[in-house]
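See below for the structure under consideration.
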There are 4 protein chains.
Amino acid sequence: MASSLSRPIAIIAGAGPGTGAAIARRFAQTYPVVLLARSSTSLDPLVQGINQNGGTALGLPTDVTNPDNMDSTMTQIRNHFGTDMTVAAAIFNVASKFSRTPFLDSGSEFLDSLEATARGSSAFAKAVIPFMLAEAEKSPADQQQQQPQHPPTLIFTGATASLKGGSGLGSFAMSKFAVRALAQSLAREFGPQGLHVAHAIIDGIIDTEQTKDFNRDRPDSKIDPKWIAKSYWFLHTQPRTAFTQELDIRPYGETW
Amino acid sequence: MASSLSRPIAIIAGAGPGTGAAIARRFAQTYPVVLLARSSTSLDPLVQGINQNGGTALGLPTDVTNPDNMDSTMTQIRNHFGTDMTVAAAIFNVASKFSRTPFLDSGSEFLDSLEATARGSSAFAKAVIPFMLAEAEKSPADQQQQQPQHPPTLIFTGATASLKGGSGLGSFAMSKFAVRALAQSLAREFGPQGLHVAHAIIDGIIDTEQTKDFNRDRPDSKIDPKWIAKSYWFLHTQPRTAFTQELDIRPYGETW
Amino acid sequence: MASSLSRPIAIIAGAGPGTGAAIARRFAQTYPVVLLARSSTSLDPLVQGINQNGGTALGLPTDVTNPDNMDSTMTQIRNHFGTDMTVAAAIFNVASKFSRTPFLDSGSEFLDSLEATARGSSAFAKAVIPFMLAEAEKSPADQQQQQPQHPPTLIFTGATASLKGGSGLGSFAMSKFAVRALAQSLAREFGPQGLHVAHAIIDGIIDTEQTKDFNRDRPDSKIDPKWIAKSYWFLHTQPRTAFTQELDIRPYGETW
Amino acid sequence: MASSLSRPIAIIAGAGPGTGAAIARRFAQTYPVVLLARSSTSLDPLVQGINQNGGTALGLPTDVTNPDNMDSTMTQIRNHFGTDMTVAAAIFNVASKFSRTPFLDSGSEFLDSLEATARGSSAFAKAVIPFMLAEAEKSPADQQQQQPQHPPTLIFTGATASLKGGSGLGSFAMSKFAVRALAQSLAREFGPQGLHVAHAIIDGIIDTEQTKDFNRDRPDSKIDPKWIAKSYWFLHTQPRTAFTQELDIRPYGETW
């Protein structure tokens, strides 16, 4: 299915229900999207929904934390979209395992969150960046034939714990601090090549199926995933003259 | 000219050429805009341009750093737009005086930047917030009769020196740190009432008439004011479920 | 009383009861100390106590926020200690006025805290730095004749609100952010000349006469001023190979 | 050798030449010290030196990043010092592997630094904290029989990259950010129990055998390890009324 006219694509890792799905739907309005999640169970309805609504979605069950797995996924993507495939947007939205556990009660699982997150975020970045640099280097002539180009954008989803450790939250905070370090380092390394690397601090409860019973009496006190998606899309539209590296997103009533 | 149908307006302080003008033009696409600057010289062509392009602009020469002056300006605005006037967006974009002076060589002017900025930012916030809270409290019924509502948004323009002091930059950094403190404090106080208060760290040279000879050989190495404006507009569109309090804006090649 | 053998002195601004007094007593163990406060009422017992315990203290009622006042104070100090007087340590411990006031209820006093703090901190720094640079430049030969030298140290007292604005705390936070900006800027400008500029974030209630009824049932939940003093003294002892620019001080039970 | 009179000890992980050795020597002035490093080669001369100078040092080659290894080390320590052994100070000074490598050129070793650091810092903390809490809980009566007590203190050595990612520094920055997250989380969890957890940002070149040829012409432009040690000791002496959680240490000429 390789094609010399192939459009750039968007890849979303952590495309489960909630934020990932909202991001996928938003980017699918412009790009063919590749959705990665551990199981096809969560991918299938999302992929189907996008394809039925005029978008193009490809769901690939992938363990992003396994570099080999990520490699074979990239091969599948290239087989599908063509060897000249480029990536316009890549979102690392894989959740770090959250638990609030007294430190001394935690076992070897203490490091699982960090190791999975670190492996996942760095393997994902390594897999997609070459195709994003290719997108950044497209000549203006190429661009005229295609849609108006936004600089390729790599976004990492962060959390309150990206900025601040907490009692019993060591495992989670180590994960989120580390992702922020990676995002900053990649922004400084690849920004000058036209790759926009951003980090979003999601500070509050996200309004999903799982959290539907929280704060029922306080309207708008949870973050609408569609607006995380819109904020990510806005980051993507910024030209290289005006990149945002970090922003926070928080419901109006949240204390911080 | 008071009217029970009056639309909410936007007020931009520091509406000189460059960033202020770009913000004014962007917000004028949706709202009548009131533009404040010290002299009418810089306001007139901007006001004229907006009015000729189908927008509505009112230019009021105002010394924002003078609370009395700011009060009489608000009276003029209410006289013009009606006593039920509300404010959908207010932007504090007044430049703090920048100078890099050896500390021991500086005289009493060392504090001028801080005092003007502090007086200006707090007087501006005090003048506009009551009209923004009125906007936030509009009932859904009111809103249906009007345009779709975005939460009222108060944005302060910051700089690199909002986060970091520098040799010889004490005066400027004190100003910018103080504005950030104000923005954070207002966000925490008024956020729960539906007022969106944000702070934007503009980290780089802005591409204006004054800076046209800088970095001539490096395309896109200065910040396009239009994209500062678009970023501010994006902040304004965020619903109260997903407010961004702080973001940075930086050209792709900037080191930081 | 000028003398070619004059020892370096320490100057403490904000030498009232509590932290200021503790700092004064600690530095008086090594240096003649000059104590500045608005009224002699708070200075007199402190000065007397130090002089009776074998130290040398000079109390000078001074409005630090008034540059003229600060100038004449420096003249008095030189008249007292000699024209070759140098300053080994200078502590800016003047309290910023704290009030938690709804922003819209605040009047022109909103800026009083900031303006007094900004004027005071910058006037104090301007007055003392020349005498601190003179101390830094003393030749090793000079030093051998005197006591072992620590690099001259200029310390600013900060607070929780140095890092974080708060609802109703805009006035106070603007003050404390601004002082931090000044401290950072001076550290970057004068550090390379051997002047140690530090900022201490005092995060918690200080145990003073005024707060004696707070947290009575929780031992050690207030900060012991003697330990603020010891921490400042420790900063002063650091050689130029290992300067600390910022540290926090917080009781063990404090959340942050 | 177990004894009901056993004194509290200090444990230093990463007790190689340079900073680790300086810390060991400083804490050995007051406590028996246990020194951990990967190989006995670097431990032996240090242990010998301390023991010859009137201190008590025990060197145990340990791979701190291996939890089993760390467990058996703790068993050895208890066998040596007695089952009622308590820990007054524990320093995690294990270096994270530093490399500045283009991200796309890095292989699986990209994560080695992070994983070793994360395993090491958390395994070390888990091993020592129970013995530190025991020290914190000693009754005043116990303390009178012993030396005057400082609250038990757990210190992590950080770096410039603890606060800021850098081009090609992703691996190192992820490590150092993660350690900072751990330190903050432990401080918040165990501070209220009287355990002092601190993080030191060492920002500059440390003056060691390895760096002796750097900056030869600029005296004092490298950090004296003895002063890192003295700063750590100072942190240890702070009572629970006045804990410092974070400080930076930087040569006077360093830009930052």
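The values are calculated or read from the model by the stated rules, or taken from the named source; none is laboratory data. Quantities reported herein were computed from a predicted structural model and do not represent experimental measurements. Cβ placement follows ideal geometry from the backbone for every residue including glycine, while neighbour counts extend to all protein chains displayed.
Descriptive notes on the structure:
- For A:S39, the conditions (1) crowded, with 16+ Cβ neighbours inside 10 Å; (2) in contact with a strand residue (DSSP E or B) (Cβ under 7 Å, 6 or more places away or on another chain); (3) of a type in the set (G, A, S); (4) closer than 23 Å to A:A118 by Cα are fulfilled apart from (1).
A quick yes/no check of all residues on (1) more than 12 Å from every other protein chain (Cβ to nearest Cβ); (2) at pLDDT 95 or above; (3) within 21 Å of B:F27 (Cβ to Cβ):
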position: B:Q76; (1), (2), (3): yes, yes, yes
position: B:H80; (1), (2), (3): yes, yes, yes
position: B:A116; (1), (2), (3): no, no, no
position: B:S121; (1), (2), (3): no, yes, yes
position: B:A127; (1), (2), (3): no, yes, yes
position: B:Q144; (1), (2), (3): yes, no, no
position: B:F172; (1), (2), (3): no, yes, no
position: B:F177; (1), (2), (3): no, yes, no
position: B:A181; (1), (2), (3): no, yes, no
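- Residues that are more than 26 Å from D:P151 (Cβ to Cβ) and more than 15 Å from the chain's Cα centre (by Cα) were ranked within the stretch D:52-66; the one that is surrounded by the fewest Cβ atoms within 10 Å (Cβ to Cβ) is D:Q52.
- Looking only at residues in the stretch A:53-87 that are small (G, A, S) and out of contact with any strand residue (DSSP E or B) (no Cβ under 6 Å at 6 or more places or on another chain), the one that is nearest to A:L36 (Cα to Cα) is A:S72.
- Scope the stretch D:205-254; condition closer than 24 Å to C:A181 by Cα and at pLDDT below 95; matching residues: D:G253, D:E254
- Within the stretch C:150-164, residues that are among the charged types (D, E, K, R) reach partners that are not in a loop (DSSP other than H, G, I, E, B) with beta carbons closer than 8 Å, at six or more positions or on different chains, in the pairs C:K164/B:Q184; C:K164/C:A173.
- Selection status of B:V47, of a type outside the set (D, E) and either touching a Gly at 6+ places or on another chain (Cβ under 6 Å) or surrounded by fewer than 20 Cβ atoms within 10 Å (Cβ to Cβ) (or both): yes
- Per-region count, the stretch D:56-90, residues out of contact with any Pro (no Cβ under 6 Å at 6 or more places or on another chain), touching a residue at least 12 places away in the same chain (Cβ under 8 Å) and polar (S, T, N, Q): 7
- Residue satisfying all of: in the stretch C:209-256; without any contact (Cβ under 8 Å) to a residue 40 or more places away in the chain, farther than 26 Å from C:V87 by Cα and aromatic (F, W, Y); nearest to the other protein chains (Cβ to nearest Cβ) among these: C:Y252
- B:A200, sole failed condition from (1) more than 14 Å from chain C (Cβ to nearest Cβ); (2) not in a strand (DSSP E or B): (2)
- So D:G49, is it part of a helix (DSSP H, G or I), more than 19 Å from the chain's Cα centre (by Cα), away from chain A (no Cβ under 14 Å) and under 21 Å from D:R25 (Cα atoms): yes
- Within the stretch D:185-197, considering residues that are within 7 Å of another protein chain (Cβ to nearest Cβ) and over 15 Å from the mean Cα position of the chain (by Cα), the one nearest to A:A125 (Cα to Cα): D:S185
- Residues in the stretch D:204-256 that are closer than 19 Å to D:N93 by Cβ and acidic (D, E): D:D207, D:E209, D:D224, D:E246, D:D248.
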